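In what follows, a structure is listed as structure tokens, so that the remarks can point back to it.
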Amino acid sequence: VYKDGGAATVARVEANGRTLIIKRYNIKGWVHWLKRFWRPSRAWASWREGNRLEFLGIATARPLAMLERRWCWLRGRAYLITDYLGGQDIIARVKPC
């Protein structure tokens, strides 16, 4: 698990010999859900923008799947699955000494 916070939980998993990143977008509470339920989910926005970056030729983790849990038309948690990209951590690279 890379991150286990209020807004999202991010983990690296192995599936069928492939390394993936799964990001679960958490609902912080009733007020947060009420503010966001009518808008596209954060997972959908990440899916859309990840595909846009790939289309434009900008290196990014390839979005593989997006899932939104729903009860009737009410949205619950959302998930984004992407390929894992190894390499140097960008935060560590640009962090001032």
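Bear in mind these aren't lab numbers, they're just calculated from the coordinates by the rules spelled out. All figures in this text were calculated on a predicted structure; none of them were measured in a lab. Counting neighbours? That spans all protein chains shown, and the Cβs are built from the backbone with ideal geometry, glycine included.
A compact table of results
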| quantity | calculated |
| --- | --- |
| Degrees between helix 42-55 axis and first principal axis of the chain (Cα, 0 to 90, nearest 10) | 40 |
| For the chain, convex hull of alpha carbons as volume per residue, Å³ | 147 |
| Förster radius 25 Å - calculated FRET efficiency between residue 1 and residue 72, Cβ distance, rounded to 0.05 | 0.20 |
| Qualifying aspartates and glutamates (Cα of each under 20 Å from Cα of residue 35; at least 8 residues distant if same chain) | 68 |
| Protection proxy ranking of 80-86, 12-18 - average other beta-carbon atoms within 10 Å, highest first | 80-86, 12-18 |
| Mean ellipticity per residue at 222 nm, deg cm²/dmol - from DSSP H runs of n ≥ 4 across the chain, formula -39500 (n - 2.57) | -7500 deg cm²/dmol |
